[in-house]
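Presented below is the structure to which this report refers.
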Amino acid sequence: MWKMVLKRLGIGVVMLFAVSLIVFTGTEILPGDVAEIILGQSATPETLRVLRAELGLDQPAYLRYLFWLGDLVQGDLGMSHARNVPIAELVAPRLQNTFLLAGCVAVIAVPLSLSAGLLAAMYPGTWTDRAISWMTLGSISFPEFFTATVLVLVFSIELGLLPPISNLRGDSDLGEWAAALALPVATLTISLFGQLVRLTRATTLNIMNEPYVEMAVLKGLSRRRIVFLHVGLNAFGPIVNVVALNMAYLVGGVVIVETIFAFPGLAKLMIDGVQTRDLPVVQACAMIFCATYVLLILVADIAAILANARLRHAR
Amino acid sequence: MTEIDLGDDRPARRDWHRRIGPGGWIGIAVILFWALVALLGPWIAPYDPGATIADMPYAADDRLLLGADYIGRDIWSRVIIGARTTLGLSLAATVLTYLIGATLGVCAATIGGWADAGLSRVNDVLLSLPNIMLALLVIAAFGTSNLVVIATTAVVFSSSVFRFSRALAMNVMVQDFVEVAAIRGERFPWIVFHEVLPNIAMPLVSDFGMKLVFIMLFISGLSFIGLGVQPPTPDWGSMVRENVQGLAYGSYAALWPAGAIATLTLAINLVVDDLSAKSSKAITQTMG
C-alpha cells in the first residue's frame, strides 16, 4: 500500500514540474516583454537592450526557466516589475488573506454539507431529502457572481448590515474582518454546498446498498448507529476525496469572489498582474495556485487509496 | 408463427413525452425561451443595445423594462442581444470541446498502446491544473478575442471529456461483440462507428448538457474578470462586471444579466437531472 502512496507522491512531484513548465512558457509567449512595458513611451532599441540585459531577459529561455525555478524553490519569488518590490513581500499578506478566506469557507461549508448529505441519504425520498435536493440544485446552477450579487443586494443594500466591498486596511479590527469576510465566505459556501451534498448523498446511498449494511439492519441495529458507524467509516475515504477535490475547486472560485468583493487576496493580485502584464507576479501567483491545486488532488487520491482496502494493492 | 415478446423495458417511442417530469418541462420551457430570444434577438430588442437612452446612469425609466445600465443603455435590450453572444460562444465552445475530447478519448481507447498512454499522460497534466489558471495563462499570452476564448475553453474542458469518453469506450472495447467484430476482420474505423459510438452516445449526450452549463459559467466568469468578451459587445458576464459598481448605489442593474445566466443554467440542470433520474445506473458504474 505504501508503495502506491509513494508512487502517487512521485507523480505529484512530476506534476509540479510540468505545471511550472506550463506556467513559465505560458507567460513567456506574451508578445512584447516587460522591458517594453516598463519603458513605455521611452522605449528605443538602445534603452530596451540595456534594460533587458539588466533584467536578465536576454538569456535563452531554458536558462531563465532554470534560474526562475531555482529561485522559486529557495523562496525567492523575484521582483515585481510594475511595483519594483520583491514579490514575496507582495504575496505574503495576500496569501494569508486568501488562506483565511478559504479556511473559513472550509470550516463552515464542509460540516454543513456533509451533515446535509448524510441527512438526505438517511431519509431518502422524504421531504427533507427533496428540500435538500432543491437547495443543491440552486447551489450548483447559480454562478458565484449571481449569489454574490443577490447577497450584496439583500444584506448590504436592503438591510444595510454588511459592507458591499471589503474595506480592509492593515489596522482593521476583528469586527471589520468579520464583516469583510462574511459575504465572500457565504458566497463560496453556497457554491460548494451543492456539489458536496450531492456527492456525499450519492456515496452514502451507494454504501447503504451494500450487503453488509443490509446485514446490520437485519441484526436490528438502530438507523443512526448504522449510518454513523458502518456507513460513515466506509464513506470516509471517498468523502475526503470529494472534499479535497472541492477545496481544489475553491482555487478557481476564489478568483471571482475576490474580484467582486475587492478582497485583498492572492487571486486579485494575480489578475492585477495579468492586466498590468507584470510577468513575475503572474508566474509566482499561478505557481502557488497550481501547486496548491496539485497538492489537494494528491491528498484526495491518497485518501482514496488508503481508505479503500481493495485499492491498496495494485491490480 | 407465434409473436416473440422480447420483454423490452424500453418505453415505446410514442409516449416519450410522458417520461419527462414537471422539473424537466420547466427546464425545457426556459431553454426554449432563451433560444428564441437569442435567435430573434435583433428583431425583438426594443432599443439598440449600444445606444444611450437614459440621461442618468442606473436610472429607472418608464421606457426601459429593466432600467438603464451604468452609462444609460437599456439593460433589457442588452440582455437580449447578450443572449446571442453568451449562448453562441458557450455552444461553440462545448461543441469544440466534444469534438476534441471525445475524438481523442475514443481513439485512445480503440487504438490503445503508446497512443493511449501518451494522450492519457498529457491529459492528466492538463487535468491537474485548475481551469481558470490555465485559461488565464493562455489569455494573458494570446489576448482576449472571442476565438481565443472559445479555443481556450475547449482545450481546458476537453481533458475531462477525454477521460469520460475514454472510460466509456474502454467499457465497450472489452465486450465480446467487439472481439467478434475484430476477429471478423472489421477495421478500427468500422468498430468505432458501428460498435463504440452507438453504445456511448447516451451518456455523452447527457454529459454534454452538464458541460454546457459549466462552460457557460466559465465563459461568464472569464468575462466577469475582464478577460473574456470585451466591451462594448453585450455579454451577460461582462454586463455583470460593468454594472457591479451600481450595487453600492443600490442599483439592481447587475442582477439582471446574472439572473439570466442563473435561470438558464438552472433550466439545463433541471432537464439533465430529469433525464438522468430515468436512465440506467450503468453510468455511475462506468465512472466508479
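Nothing in this text is a laboratory measurement; each read-out follows from the coordinates by a stated rule. These numbers were taken from a predicted model, which means no experiment stands behind them. When we count neighbours, we look across all protein chains shown, and the Cβ atoms used for this are built from the backbone with ideal geometry, even at glycine.
Quick notes
- Ranked by the mean number of other Cβ atoms within 10 Å of their residues, highest first, the peptides A:278-289, B:109-120, B:154-165, A:198-209 fall in the order A:278-289, B:154-165, A:198-209, B:109-120.
- The tail of the calculated P(r) for the protein assembly as shown beyond 43 Å holds 26 percent of all Cα-Cα pairs.
- With the largest listed first and rounded to whole Å, the semi-axes of the equivalent ellipsoid of segment A:67-125 from the Cα gyration tensor are 43, 13, 8.
- Relative to the longest principal axis of the Cα atoms of chain B, the long axis of helix B:146-173 lies at roughly 20 degrees.
- D (Stokes-Einstein, µm²/s), Kirkwood Cα radius, segment B:215-271, 0.692 mPa s at 37 °C: 285 µm²/s
- The C-alpha atoms of chain B occupy a region whose extents along the principal axes are 77, 53, 30 Å, arranged from largest to smallest.
- Cα long-axis angle, helix B:22-44 against chain B (0 to 90 degrees, to the nearest 10): 50 degrees
- Compared with the dominant Cα axis of chain A, that is its longest principal axis, helix A:266-275 is turned about 40°.
- Per residue of A:259-272, other chain Cβ atoms within 10 Å of the residue Cβ number 2 on average.
- The mean number of partner chain beta-carbon atoms within 10 angstrom of a residue's beta-carbon across peptide B:257-264 is 4.
- Peptide A:136-144 has a mean of 6 when you count, residue by residue, the C-beta atoms of other protein chains within 10 Å of its C-beta.
- Under 30 Å, Cα to Cα: Lys pairs in the protein assembly as shown, sequence gap 8 or more or different chains: 4
- Hydrodynamic radius (Kirkwood) for chain A, which is based on Cα pairs only, to one decimal in Å: 22.5 Å
- Given +1 at the Cβ of Lys and Arg, -1 at the Cβ of Asp and Glu and no other charges, the dipole of chain B around its Cα centre is 220 debye to the nearest 20.
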